[in-house]
Amino acid sequence: MEHVFKEHRLCEQDGPLGPYLDSYASEMRSDGYTQQTSEVQIRLVVDFGRWLAKQGIEAVEITAALFQPYLRARRRRRRPARHDLSALQRLLDLLVRQGVVAAPIAPAAAPADCWRSEFRLYLQQERALSSATQTNYLPFVGEFLKEHFGDGPVDLARLSAADVTEFVQRRAAAIQSRRVQLMTTALRSFLQFARYRGAIGMDLAACVPAVANWKLSAIPRAIPLSQVELVLASIDRKTVMGRRDYAILLILARLGLRSSEIKTLTLEDLDWQQGFITVRGKAGRYSQLPLPVDVGEAIADYLRHGRPTVSSRCLFVRLRAPLGGFKGQCGVGSVVRHALERAGIDAARKGAHQFRHALASQMLRQGASLSEIGELLRHRSPQTTAIYAKVDLVSLAALALPWPGGAQ
């Protein structure tokens, strides 16, 4: 505690929480919180301990139900802060880990929630789908089950083809067209899972209406090469954040990784001797890609002078407490968005995928074949890569028919 507080009176170890304050302060320090934040939250815990003593409550009796009564009493004396509740929750988690209080018993899950959990496990273990895909599927499945069964028992055998088609038609009218196809895919996958489990006998997945989807109808939204270099040049590589962001953006620009793939990179995925990097792609597939020299140098600079000392084995970690890997692929998207803003680029898209499109377009203009592009981008189907033929205007011009009547 002395490393946090200069005043000895704030280091008092009396009260029901006294024996645990050192552990609490140590955890905040290891999680990367600043001294100011640590001091504010430990003051709150000390005050909570005094409130417990006045109420005659021992540490073994602490539950989350006490937080709101305490915070209401505290508001009469002090202005509430945004992280008050999370500070108390961190205390409770610490007491649970140390065996001081019993772990809270989770309420019994509703039958529909049990089906959702089992479906998610099926997507993860049997289908090897990414966590992002699982997260996208589950809300639609939850809505479908809630509409037909509410909070009661789930009897999927009662479902009919009409129930499926009516749900899709009604929801399709209320959501964006891009999400309609996601909804039908999620529902079709769930009904296949239910039949696999023996919960339904009919092939209701075949009753899910098809959504019109014209392949190769769009043109890839790629950031121009000049803007890619401008973004890279605008990063201040003398700062800790700049070294991390530069390495992330260089991987996007040179290797075309997806944001989810960058998030899951670990220190063990780098083979410095052979010059390879292992990438976890879609459906749990692993690929080894050659590590370009400039990418390797950027990663090495980040590891030597930018990466905080944390227990996480993730290659790229957050720089704000609590330290650790990115919580989702949106963390990589945030790096891209802020980099575009700093470079003064008003791109139509703000996400990381445009760098992947830019790499493919650049390779095509330099003479690479579609199969070579598909190999680098790790496409499972040649049709996925074929969309980049649309950006090869030189080759397309040679195939174009002359305008009837000649030039006007």
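All of the numbers you see were taken from the coordinates with simple rules; none came from a lab. Remember, it's a predicted structure, so these values are computed and weren't measured experimentally. Neighbour counts are summed over all protein chains in view; Cβ atoms, including those assigned to glycine, are modelled from backbone coordinates with ideal geometry.
Quick one: Ser312 ticks every box in (1) among the small types (Gly, Ala, Ser); (2) over 23 Å from Lys238 (Cβ atoms); (3) in contact (Cβ under 8 Å) with a residue 40 or more places away in the chain except a single one, so which number is it?
(3)
Out of the residues in the range 236-269 that are among the aliphatic types (A, V, I, L, M) and out of contact with any Leu (no Cβ under 7 Å at 6 or more places or on another chain), state the one that is farthest from Cys330 (Cα to Cα).
Ranking the qualifying residues of the range 236-269, first place goes to Ala247.
Considering the range 337-351 alone, what residues qualify as being among the acidic types (Asp, Glu) and part of a helix (DSSP H, G or I)?
Glu341 - this is the single residue of the range 337-351 that is among the acidic types (Asp, Glu) and part of a helix (DSSP H, G or I).
Look through the range 90-126, keep the residues that are polar (S, T, N, Q) and within 20 Å of the chain's Cα centre (by Cα), and return whichever of them is surrounded by the most Cβ atoms within 10 Å (Cβ to Cβ).
Filtering the range 90-126 for residues that are polar (S, T, N, Q) and within 20 Å of the chain's Cα centre (by Cα), the one surrounded by the most Cβ atoms within 10 Å (Cβ to Cβ) comes out as Gln124.
Quickly run through the range 231-260 and pick out the residues that are charged (D, E, K, R) and either assigned to a helix (DSSP H, G or I) or out of contact with any Gly (no Cβ under 7 Å at 6 or more places or on another chain) (or both).
Matches in the range 231-260: Arg237, Lys238, Arg243, Arg244, Asp245, Arg254, Arg258.
Any idea which of Val154, Val164, Val180 is touching a Leu at 6+ places or on another chain (Cβ under 8 Å) and part of a helix (DSSP H, G or I)?
Every option except Val164 fails the conditions.
Can you confirm whether Leu129 is at negative phi, crowded, with 16+ Cβ neighbours inside 10 Å and not in a helix (DSSP H, G or I)?
Yes, satisfied.
Looking at the range 167-205, which of its residues are within 23 Å of Ala110 (Cβ to Cβ), surrounded by fewer than 14 Cβ atoms within 10 Å (Cβ to Cβ) and either more than 32 Å from the chain's Cα centre (by Cα) or of a type in the set (Ser, Thr, Tyr) (or both)?
Tyr196, Gly198
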